[in-house]
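Peer 1: Submitted below is the structure of interest, expressed as structure tokens.
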Amino acid sequence: MSDNGTLWHDAWMRLRKNKLAVVSAWFIAGVVFMCAFGPPILHYAWGYSYDAQALSYGAQPPSLNHIFGTDFHGRDLFTRTLYGGRISLLVGLLAALVAAFIGTLYGAVSAYAGGQIDSAMMRFVDVLYALPYMFLVIILVTIFGKSLALLFIALGLVSWLTTARIVRGQVLSLKEREFVQAAQACGASDARIIGMHLIPNTLGPIIVYFTLTVPSMILQEAFLSFLGLGVQAPMPSLGALINEGANNMVVFWWQLVFPGIVMASILFALNFLGDGLRDALDPRMQQQ
Amino acid sequence: MIRFVFKRFLGLIPTLLVIIVASFLIIRLAPGSPFTQDRAVPKSVLVEIEAKYGLDKPLPVQLGHYLMRLAHGDFGPSTKYPQRSVNEIIAEGLPITLTLSLVALAWALLVGVGAGIIGAVRQNSKWDQAAMAFAMLGISIPTFVLGPLLVLLFSLHWYLLPPGGFGEWRHVILPGITLGTAYAAYFARLTRAGLLEVTRSDYIRTAHAKGLPESTVIFRHMLRGGLLPVVTFLGPAIAHLMVGSVIVEKIFNIPGIGPYFVDAAFNRDYGLVMGIVVLESALLLMMNLLVDVMYAVLDPRIRLQGAP
């Protein structure tokens, strides 16, 4: 696998030369750190929490005490934004993981099986593509209730199609190669060949598509929260905060502007990082 | 060509059938019924209501009835709005949603393809960088952030456009921009990449060598080949626009189909949920077919090979 080693090494060097991607990566690392450790620090130092209401401090504009201002119930908006960012990032990451897992397995098995099984499995993907999938998520969420776990599973369940197609394409060309024949000659089982030989060789595109799925999952979680279908009060997510802010924006503009900026910059950075990874891992892949 | 279109059209029917049956089963097998949310009703009344809507029969029989109805173009009754049929509700809301989607699409194509052409023709210039930064920004700002911000600025601060409602042309500008901007950004990136791809091809070099003016080369020759990725993305884009309009309709208080869907899913209004899903899937399939046909028209190589 020394060949593979230089591939990852080269990609790493290319990525480090891409300033925008590096800045985005640091920004994301910073956001993750703040979302993870910000709320407890704010709680111990200032006594702010995401759910304790203090109605006499309701809806204050940004000040030194509350840098994002407070919301209608007197809760510190900075704390709530960090907490919401935590939930949004978590849902985005887990949903993208679910999607990548299903898509990779499905695509690899389909391509490796080949023939009629392959065309039947891909036909199924085509049909699912034709479903207005956000409607499916809305139905799933209303069926199973609005818990956090079901939210990311529902999002992941409808977002694996493109990964499956990409992985299938890769495996189709890989499975004719000598190393697969060698493994077959050694008597390796199909599961072993798919898991140990084929999937590791498609990791590049999987990682690239994974990084681009995370922001779209975050966006879709926010989409649901905005409709009131996402995480439930008093727990905040960025989408729920923006929804609240949009309802009060005429008077309390900061309740819309700050969560909005945080959300947009997280998506901005994740998209740049994804683009950078794509250019680094596969320079031939077209920039869309 | 006509045979190709016809064959593809026939191929859509089984796909649509699978979608109908699958969504029928998902919504029916879900726990809850359209009547559980109301205040407690005597058991005998409930049985009677269920019999009225045919919900007391076994599931396969219900599915058969539903398919028969659909074949006659009837989406059946709505349980949430007993005085109106699903057909009426859709006929009222769908034109509004479609208008909104088309305005958004026009905005996206105009801005997106324009920015993409500028980016490709002046590759790596300041213009290119500005266009691509705009594209990245457009992709990253969610509609539910952009929409309220536009209302804040244009309606509540400058009093230029109405903040919501539906009726005249002034009502669709802000929602259209809100909905279309993200797609403008995608189109810009696709156009730029597509044009850069064909720039290096032989027929463009020939066109330059013939001494054609640059504008003719760009608009007559490069756009035709370079816009293929944009055309491919049109089908999914229209579908996403229609789903995305749920949010925009909520922000701008537009009486489209979107708000009904969320409501219907909550209330297990089987008829209405199914009607909207079936209709949107059918539209989506038709759009994809249209895209395939346009593809064949634009690219002679595909047409000569027959079915792509």
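Peer 1: Hey, what did chain B get for relative contact order, percent, Cα under 8 Å, at least 6 apart? Before the final figure, lay out each step's value.
Peer 2: On the way: 349 pairs, mean separation 79.2, N = 308.
It comes to 26 percent, rounded to a whole number.
Peer 1: Another question, if that's okay. In Å² (nearest 100), what accessible area is buried between B and A, both sides summed, heavy protein atoms only, 1.4 Å probe?
Peer 2: Numbers: alone 17300 and 15370 Å², together 28920 Å².
Counting both chains, the buried surface is close to 3800 Å².
Peer 1: Residue-wise, which Karplus ³J(HN,Hα) couplings in Hz belong to the stretch B:208-221, taking 6.51 cos²θ - 1.76 cosθ + 1.60, θ = phi - 60°, and x for glycine or proline?
Peer 2: Here the 3J(HN,Hα) series is 5, 5, 5, x, 5, x, 4, 4, 5, 4, 5, 7, 8, 10 Hz.
Peer 1: Give me the inter-chain shielding for A:257-268: mean count of other chain Cβ atoms within 10 Å, whole number please.
Peer 2: Working: counts 4, 0, 1, 7, 2, 0, 5, 6, 2, 1, 7, 5.
Across the residues of A:257-268, the mean count of other-chain Cβ atoms within 10 Å is 3.
Peer 1: Please build a GNM for chain B, connecting alpha carbons under 10 Å apart, and tell me which residue among B:Thr143, B:Thr191, B:Thr216 fluctuates the most.
Peer 2: Among B:Thr143, B:Thr191, B:Thr216, the largest mean-square fluctuation in the Gaussian network model of chain B belongs to B:Thr216.
Peer 1: Cross-link partners among aspartates and glutamates for B:Lys210, C-alpha distance below 19 Å, same-chain residues fewer than 8 apart left out?
Peer 2: Of all the aspartates and glutamates, those that pass the test against B:Lys210 - Cα under 19 Å, at least 8 places apart if same chain - are B:Asp202.
Peer 1: Can you give me the accessible area per residue for the stretch B:95-255, using a 1.4 Å probe, in Å²? Don't skip to the answer; put the middle values down first.
Peer 2: Working: 7210 Å² over 161 residues.
In whole numbers, the stretch B:95-255 has 45 Å² accessible per residue.
Peer 1: Taking just the alpha-carbon atoms of the stretch A:96-165, what radius of gyration and Dmax come out, in angstrom?
Peer 2: When restricted to Cα atoms, the stretch A:96-165 yields Rg and Dmax of 13.2, 41 Å.
Peer 1: Something else: Based on the alpha-carbon set only, what is the convex hull volume of the stretch B:82-144 divided per residue, in Å³? Present the calculation step by step, with values, prior to reporting the outcome.
Peer 2: On the way: hull volume 5.5 nm³, N = 63.
About 88 Å³ per residue, rounded to a whole number.
Peer 1: Next question. Over the Cα atoms of the stretch B:48-115, what radius of gyration and what Dmax do you get, in Å?
Peer 2: Expressed in Å, the Cα Rg and Dmax of the stretch B:48-115 come to 18.8, 61.
Peer 1: So for chain A, Kirkwood radius off the Cα pairs, Stokes-Einstein at 4 °C and 1.567 mPa s: how many µm² s⁻¹?
Peer 2: Details: Rh = 21.0 Å.
Estimated via Stokes-Einstein, D reaches 62 µm²/s.
Peer 1: Would you please put B:282-290, A:79-87 in order of how densely packed they are, using the mean number of other Cβ atoms within 10 angstrom per residue and starting with the highest? The partial results should precede the final answer.
Peer 2: Numbers: B:282-290: 18.3, A:79-87: 25.0.
Those peptides, ordered most packed to least, come out A:79-87, B:282-290.
Peer 1: Across every pair of different alpha-carbon atoms, what Kirkwood hydrodynamic radius in Å does the stretch B:95-255 reach? List each step's numbers first, then the result.
Peer 2: Working: mean 1/r = 0.0598 Å⁻¹.
Taking the inverse mean of 1/r over all distinct Cα pairs, the stretch B:95-255 comes out at 16.7 Å.
Peer 1: Kindly identify residues of the stretch A:222-240 having a loss of at least 20 Å² in accessible area between the isolated chain and the assembly of all protein chains, probe radius 1.4 Å.
Peer 2: A:Phe223, A:Phe226, A:Leu227, A:Leu229
Peer 1: Give, to the nearest whole percent, the P(r) tail of chain B beyond 26 angstrom, counting all Cα pairs. The partial results should precede the final answer.
Peer 2: Working: 27535 of 47278 pairs.
Tail of P(r) above 26 Å: 58 percent of Cα pairs.
Peer 1: In addition: Normalised by the number of residues in chain A, what is the relative contact order in percent for Cα pairs under 8 Å and 6+ residues apart?
Peer 2: Values: 387 pairs, mean separation 76.1, N = 288.
Relative contact order for chain A comes out at 26 percent.
Peer 1: Using alpha carbon centroids, what distance separates the stretch B:133-161 and the stretch A:221-274, in Å?
Peer 2: Each part's Cα centre sits 14 Å from the other's.
Peer 1: Per-residue Cβ counts within 10 Å, from other chains only, averaged over B:144-155: what number is that?
Peer 2: Details: counts 14, 15, 2, 2, 11, 6, 0, 4, 6, 0, 0, 1.
Neighbouring Cβ atoms belonging to other protein chains average 5 per residue here.
Peer 1: OK, next. Specify, per residue and in Å³, the volume enclosed by the convex hull of the alpha carbon atoms belonging to the stretch B:16-168. It would help to have the intermediate numbers written out before the result.
Peer 2: Numbers: hull volume 33.7 nm³, N = 153.
Enclosed volume per residue, from the Cα hull, is 220 Å³.
Peer 1: Let a ≥ b ≥ c be the square roots of the eigenvalues of the Cα gyration tensor of the stretch A:189-284; is it rounded (a/c under 1.5), or, if not, prolate (a/b larger than b/c) or oblate? Display every interim value, and only then the final one.
Peer 2: Details: a/c = 5.48, a/b = 2.21, b/c = 2.48.
The shape class here is oblate.
Peer 1: Per residue of B:19-26, what is the mean number of Cβ atoms on other protein chains within 10 angstrom of that residue's Cβ? Please report the intermediate quantities before stating the final value.
Peer 2: Numbers: counts 5, 0, 0, 4, 5, 0, 0, 4.
So the per-residue partner count for this stretch is 2.
Peer 1: Oh, and also: Cross-link candidates for B:Lys7: which aspartates and glutamates have Cα within less than 16 Å, leaving aside residues fewer than 8 places away along the same chain?
Peer 2: The qualifying aspartates and glutamates are B:Asp292.
Peer 1: Continuing with this model, one more query. How do the peptides B:102-108, A:177-183 rank, highest first, by the average count of neighbouring beta carbon atoms within 10 Å per residue? Walk me through the intermediate numbers first.
Peer 2: On the way: B:102-108: 20.3, A:177-183: 12.7.
Going by the mean number of other Cβ atoms within 10 Å, highest first, we get B:102-108, A:177-183.
Peer 1: Which residue fluctuates most in the GNM of chain B (Cα springs below 10 Å): B:Lys52, B:Lys126, B:Lys80?
Peer 2: B:Lys52
Peer 1: Can you tell me which of A:205-211, B:71-77, A:21-27, B:180-186 comes out highest on packing, and rank the rest after it, using the mean Cβ neighbours within 10 Å?
Peer 2: Per-residue Cβ counts within 10 Å, averaged per peptide and sorted highest first, yield B:180-186, A:205-211, A:21-27, B:71-77.
Peer 1: For the protein assembly as shown, just the Cα atoms, rotate onto the principal axes and tell me the three extents in Å, largest first.
Peer 2: Per principal axis, max minus min of the Cα coordinates gives 75, 66, 61 Å.
The values are calculated or read from the model by the stated rules, or taken from the named source; none is laboratory data. What you see is a predicted model; the values in this text were computed from it and never measured. Counting neighbours? That spans all protein chains shown, and the Cβs are built from the backbone with ideal geometry, glycine included. All accessible areas refer to the heavy atoms of the entire protein, side chains included, with ligands and DNA or RNA removed. Shrake-Rupley method; radii C 1.70, N 1.55, O 1.52, S 1.80 Å.
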